[in-house]
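A.B. asks: Can you read through this structure? Questions will come right after.
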Amino acid sequence: MPTRIICIFIACLSTLQIAYAAEYIFTENADIQFVEEDSADCSIADGKLIAILNTSQTTGYQVWVDRWFMDVQTPDHTKQILLPNTTSTPLGCSMARGGGKQHWTIYSVEATKN
């Protein structure tokens, strides 16, 4: 019984460290932002279009993004190439059509060579 509790504690701690690492990477790069936009497709389900934006005027980024549906991380792990001086890149609606909230988190950010 104590071994099982220790294993659960370690698993929870590892999950928190991963979540913290993803948040840390995101906060370290002020050029990358999530934005909400109005979209007719998303407003049908009372949601907003979630997009990712590079606000840098000179640097491009390769960003890996994870999707969460109803607070559960999905297997989606997508790469976004965000060039400088471009519009936002849509990721999806904050509310899925079938019901349920979804959001995205940044896994990693790497500057690209222009």
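No lab work stands behind these numbers, since they all come straight from the coordinates. Treat the numbers as computed from the prediction; the structure is a model and nothing was measured. Virtual Cβ from ideal backbone geometry, glycine too; neighbours counted across all protein chains shown.
A.B. asks: Could you state the number of Å between the C-alpha centres of segment 29-61 and segment 67-108?
C.D. replies: First find each Cα centre; the distance between them is then 9 Å.
A.B. asks: Limiting things to C-alpha atoms, what are the Rg and the maximum Cα-Cα separation (Dmax) for segment 50-114, in angstroms?
C.D. replies: 12.9, 40
A.B. asks: Then there's this: Under 11 Å from the Cβ of His77, count the other residues' Cβ atoms, weight Lys and Arg +1, Asp and Glu -1, and hand me the total. Write out the running numbers ahead of the final one.
C.D. replies: Values: positive: Arg67, Lys79; negative: Asp66, Asp76.
Value of the local net charge: 0.
A.B. asks: For Trp104, Trp64, what's the fewest-to-most ordering of other Cβ within 10 Å of each Cβ?
C.D. replies: Numbers: Trp104 19, Trp64 16.
If I rank by nearby Cβ atoms, fewest first, I get Trp64, Trp104.
A.B. asks: Right, another one. For each of Tyr61, Tyr107, count neighbouring Cβ atoms within 10 Å of the residue's Cβ, then give the residues from fewest to most. Could the numbers behind the result be given before it?
C.D. replies: Values: Tyr61 20, Tyr107 17.
Placing the least packed residue first, the sequence is Tyr107, Tyr61.
A.B. asks: Please check which bits of segment 27-51 a label hung off Arg97 would reach, taking the label as a point 7 Å along Cα-to-C-beta and the cut-off as backbone N under 11 Å.
C.D. replies: Output list for this probe position: 41-42, 44-45.
A.B. asks: Could you please rank Arg67, Arg97, placing first whichever residue has the fewest other Cβ atoms within 10 Å of its Cβ? If you can, show how the numbers build up before the last one.
C.D. replies: Numbers: Arg67 18, Arg97 11.
With the fewest neighbours first, Arg67, Arg97 line up as Arg97, Arg67.
A.B. asks: Calculate the spin-label point distance for Met70 paired with Asp46, positioning each point 7 Å from the Cα along the beta-carbon direction, and give it in nanometres.
C.D. replies: The modelled label-to-label distance comes out at 1.7 nm.
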